[in-house]
Each structure stands twice: as structure tokens, then as C-alpha cells.
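Engineer: Below: one structure in C-alpha cells.
The values are calculated or read from the model by the stated rules, or taken from the named source; none is laboratory data. Bear in mind that the values here come from a model prediction, so they are computed numbers and not experimental data. Neighbour counts are summed over all protein chains in view; Cβ atoms, including those assigned to glycine, are modelled from backbone coordinates with ideal geometry. Only protein heavy atoms, including side chains, enter the accessible area calculation; ligands, DNA and RNA are left aside. Shrake-Rupley method; radii C 1.70, N 1.55, O 1.52, S 1.80 Å.
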Amino acid sequence: MSDAGVYDPHEPTNRAVHRFNVGLDRAVLRPVSKGYDAVVPDGVQTMVGNASDNLGEPSNLVNRTLQGDLRGAGVALYRFVVNSTVGLGGIYDVAAEFGVTADETDFGETLHTWGGDEGAYVELPVLGPSTARDATGRVVDAVLNPLSAVMNSDQKTLRTSLKVADRVGSRARYGDTLDSVLYESTDSYSQTQLLYLQNRRFELGIENEDSYIDPTEIDTEGF
């Protein structure tokens, strides 16, 4: 483990994936996001983001329940019902205007709540930085949302389109910061890794890097 508390046994592969992701960003996501931002008004971008987030609330509900956070589950249910109805399918975040703000979660956090270790750092093609635990969570979240069972193919396509548009909008919104990390830093891989792990651990309430366990350093004597 490094001084920064990073377990990265797959670094050569991760760096290769990172180069692919940077190339994809340079060739596709970055220019598309700039065009999207130039053509689509800010208000519409906000609506797209709201609608995409609203479709994720049922997944938040399931994960908060699995985490034993009944209050959080209630918040997710309330937000989904209010925004899906009064908020016209989620394009308006009416629940936030009523004082009930978003409290997003995912199955990676659920695994953390259950005591699952962070595991090795990985960079995923297209999806970007992650960890072994969070990558597993992504797979589960893909099928965990209850809406997946009731949506038809057209509705699922719309949901995917909203997610893609929301990601493009986020790329435009944080463009200067991302450009600085990806194209101006000395080692964009290390910088991306550090920022992801710091932000993710903060989200999970991990303040002490000692809570990060390198499996290769576990003392197995006596087992």
C-alpha cells in the first residue's frame, strides 16, 4: 500500500484503460459536451438531470433499505412519488423545494455498510475510476432498480438516453476541472485515482486511511 492508502495491484492494466478513457474523452465526450452545452439551455439541462435522478430514486430506496436506513428509504420514496407526480415525471425537483433534498446511494455503499472491503483500485472502460467493491456495486445496481422489471423496451431506452445526456451535461458543467486533471496534470492517472478515492471515501464517511486494507498486508499467522 502506498502512503496515500491506495491498493493498486492492476496498475499497468488500469493505466492502459485510463489512456483509452482519456482518448475517448478527447475524441467524443469532450467535444460532444461542449456542443451540448452550447445548444441546450441550462434550464433544459437541469430538467434532464432531474428526470434522470428521479428514475434512480427506486434504486436509492432499495439500497437504503438494505443498509438499514429506513429514514433514507422514506426520503427516496417520498422524492420519487412527489417528483413523478407533481414534478411532471421528475423534470422538476419539487421535493427539494419542499425541503426534502436528494440523498443518493448505491450498492457499493451498501456493501460498505455490510463491512465489505474497498478492494483494489480499478479503472473501468468508459465508466472510469472505481474499486473492486464499487465495480461489483455497479453490476448489481444495473438490475437492482425495481423500475427495470416494469419498464418496456422504449422506456428503458429513454432512461438510458437520459443517463447519457445527464453525463454529457455533467462533463460540460465540470469541464474546466476535468480538463485540468486529464490534460494539464503531470500524471493524470494518479490524479484521477487520488481524487476519486478521496471523494468516495468522504461520501462513505471514511476519514482514517488505516481503514483501507491491503489484502497482501493482512497477518494470516495463526489462521
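Engineer: For region 71-187, calculate the relative contact order in percent as a whole number, restricting contacts to Cα pairs under 8 Å that are 6 or more residues apart.
Structural biologist: Normalised by residue count, the contact order of region 71-187 is 14 percent.
Engineer: Can you work out the Karplus-derived ³J(HN,Hα) for every residue in region 46-58? Use 6.51 cos²θ - 1.76 cosθ + 1.60 with θ = phi - 60°, whole Hz, and x for glycine or proline.
Structural biologist: 5, 4, 4, x, 4, 5, 5, 5, 5, 5, x, 4, x
Engineer: Would you kindly state the longest site-free stretch of the chain, with sites defined as GluC sites (Glu not before Pro) in a DSSP loop (not H, G, I, E, B) surrounded by at most 15 other Cβ atoms within 10 Å?
Structural biologist: 1-103
Engineer: Calculate the spin-label point distance for Y174 paired with T113, positioning each point 7 Å from the Cα along the beta-carbon direction, and give it in nanometres.
Structural biologist: Rounded to a tenth, the inter-label distance reads 2.3 nm.
Engineer: To continue, here is another question. Please report the carbon-and-sulfur percent of the accessible area for region 1-50; probe 1.4 Å, protein heavy atoms only, DNA, RNA and ligands left out.
Structural biologist: Carbon and sulfur together cover 62 percent of it.
Engineer: Label L24 and E104 with points 7 Å out from Cα along Cα→Cβ: what is the distance between them in nm?
Structural biologist: Placing both labels 7 Å along Cα→Cβ, they lie 1.8 nm apart.
Engineer: Related question: With n ≥ 4 as the cut-off for DSSP H runs, can you work out [θ] at 222 nm for the chain, using -39500 (n - 2.57) per run divided by the number of residues, rounded to the nearest 500?
Structural biologist: For the chain, the value works out to -18500 deg cm²/dmol.
Engineer: Can you run phi through the Karplus equation (6.51, -1.76, 1.60; θ = phi - 60°) for region 148-157 and list ³J(HN,Hα) in whole Hz, with x for Gly and Pro?
Structural biologist: Working through the residues one at a time gives 4, 7, 10, 7, 8, 4, 5, 5, 5, 5 Hz.
Engineer: If r is the Cβ-Cβ distance from M151 to L70 and R0 is 22 Å, what FRET efficiency results, to the nearest 0.05?
Structural biologist: The computed FRET efficiency comes out at 0.25.
Engineer: I would also like to ask the following. Heavy atoms only, probe 1.4 Å: what % of the accessible area of region 79-165 goes to carbon and sulfur, would you let me know?
Structural biologist: 63
Engineer: Using amide H atoms built 1.01 Å from N in the peptide plane, name the residues 5+ places from V122, or on other chains, whose amide H lies under 5 Å from its own.
Structural biologist: It is S130, T131, A132, by chain and number.
Engineer: Here are some values of P(r) over Cα pairs in 5 Å bins from 0, in percent: [x] 1, 6, 12, 16, 16, 13, 9, 5, 4, 4, 4, 4, 4, 2, 1, 0; [y] 1, 6, 12, 15, 17, 17, 15, 10, 5, 2, 1, 0, 0; [z] 1, 6, 12, 18, 21, 19, 13, 6, 3, 1, 0. Which one was computed from this structure?
Structural biologist: It is the one labelled [y].
Engineer: Quick one: 3J(HN,Hα) in Hz for region 123-135, Karplus 6.51/-1.76/1.60 with θ = phi - 60°, rounded, Gly and Pro as x.
Structural biologist: Working through the residues one at a time gives 10, 9, x, 6, 6, x, x, 6, 9, 4, 5, 6, 5 Hz.
Engineer: Quick one: what do you get for region 20-94 if you divide its Cα Rg by 2.2 N^0.38 Å?
Structural biologist: Cα-based Rg divided by the globular estimate yields 1.44.
Engineer: Okay, moving on. Quote the FRET efficiency, to the nearest 0.05, computed for V81 versus V164 with a Förster distance R0 of 22 Å and r equal to the Cβ-Cβ distance.
Structural biologist: Rounded to the nearest 0.05, the efficiency is 0.30.
Engineer: Hey, what's the chain come to in accessible area per residue, 1.4 Å probe, Å²?
Structural biologist: That works out to 57 Å² for each residue.
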